[in-house]
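Taken together, the values in this text are just the output of simple stated rules run on the coordinates, not laboratory data. Quick caveat: nothing in here was measured; it's all calculated off a predicted structure. Counting neighbours? That spans all protein chains shown, and the Cβs are built from the backbone with ideal geometry, glycine included.
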Amino acid sequence: MNPSTLIGMVASVLLLVVVMIFAAEDPLLFIDLPGLAIVLVGTMAATFMSYPLKEVLRVFKLIKTVIRNERLYTQKDIEELVDVSRLWIREDPVAVEKALQRVTNPFLRTGVQLVIERTPEEDILDLLQWRISRMKAKEAAEAQLFRVMASYAPAFGMIGTLVGLVNMMDILGTGDMVVIGRHLAVALMTTFYGILLANLVFKPVAVKLERRTEQRVVLMNMVMQGIAMMTAKRSPSLMRETLKSFVAHYEDEIFDGPQDNGRRPGLLRRGPATPKPTPGAGANRS
């Protein structure tokens, strides 16, 4: 399991337990199954109304991605790129083909395959850039779904509170303040559930997915940089050091923001614009 996710889950559970035990005379007041059902079922119903069924079901499978500790094998990809590039410079196509079979990153494999087929560099970079843009758009939509759920949950929590207040108003005539107070506490619990789910489940999952996308984009841009250097038959040692600096530069931007007006190290001649796949040779060999 991802250590930060585990720490967050344990800390949140401990916080709730402490609040329930020490902030209320009766901890069972924080348990209201009908109110929780209103929030959960209402949020899910609104989500299914907002998105296609297939898209919602696919996104919920990503929760295991948030929980587990997913590693990005940056150093492995760098070494595979360097090894293949060294063989390419030696003009040993048979050895390059064998090395390509050992490459596990499909994005890297596609780029190397296009280089071996002597596809023009412009077509290769166009195709790889388009795949990066497509991946970013797809995963941004997945994270946005959880942000939408985070906006629905408090709203349905308020609906549950209003339902509880209506029931409370119905018994005001009895004058029993104990019963009235208990009904008011139960009515407010749905708002509590809505805010809790939004800020402790849905928003953290969305942020985690967005962070995962940023890391994957860094890796894919690094691969594209290496493919450009392989096409130009640059020194493998230069490639290794350039790609390491490239990754460090992007990680600095993720944590600290851009520091150099968008310039980045390396040899790619185009900016981060999103080109469409060209109908030429490069786009047809994916």
Reach of Lys76 by Cα under 25 Å, taken over lysines that are not fewer than 8 positions away in the same chain: Lys64, Lys98, Lys136, Lys208, Lys233, Lys244
About the Cα centre of segment 156-252, what is the dipole size in debye to 20, counting +1 per Lys and Arg Cβ and -1 per Asp and Glu Cβ, all else neutral? 680
Rg (one decimal) and Dmax (whole number) from the Cα set of segment 110-227, in Å, equal 25.7, 86
Among the trypsin sites (Lys or Arg not before Pro) within segment 83-171, which fall in a DSSP loop and have no more than 12 other Cβ atoms within 10 Å of their own Cβ? Arg90, Arg102, Arg118
What does the C-alpha gyration tensor say about the overall shape of segment 1-155? Classify as rounded when a/c is under 1.5, otherwise prolate if a/b is larger than b/c, or oblate. prolate
Taking R0 as 35 Å and r as the Cβ-Cβ distance between Arg234 and Lys136, the FRET efficiency 1/(1 + (r/R0)^6), rounded to the nearest 0.05, comes to 0.80
Filter the chymotrypsin sites (Phe, Trp or Tyr not before Pro) in segment 43-109 to those in DSSP coil with at most 13 other Cβ atoms within 10 Å of their Cβ, and list the result. Tyr73
Inter-centroid distance (Cα atoms) of segment 159-214 relative to segment 25-87, Å: 23
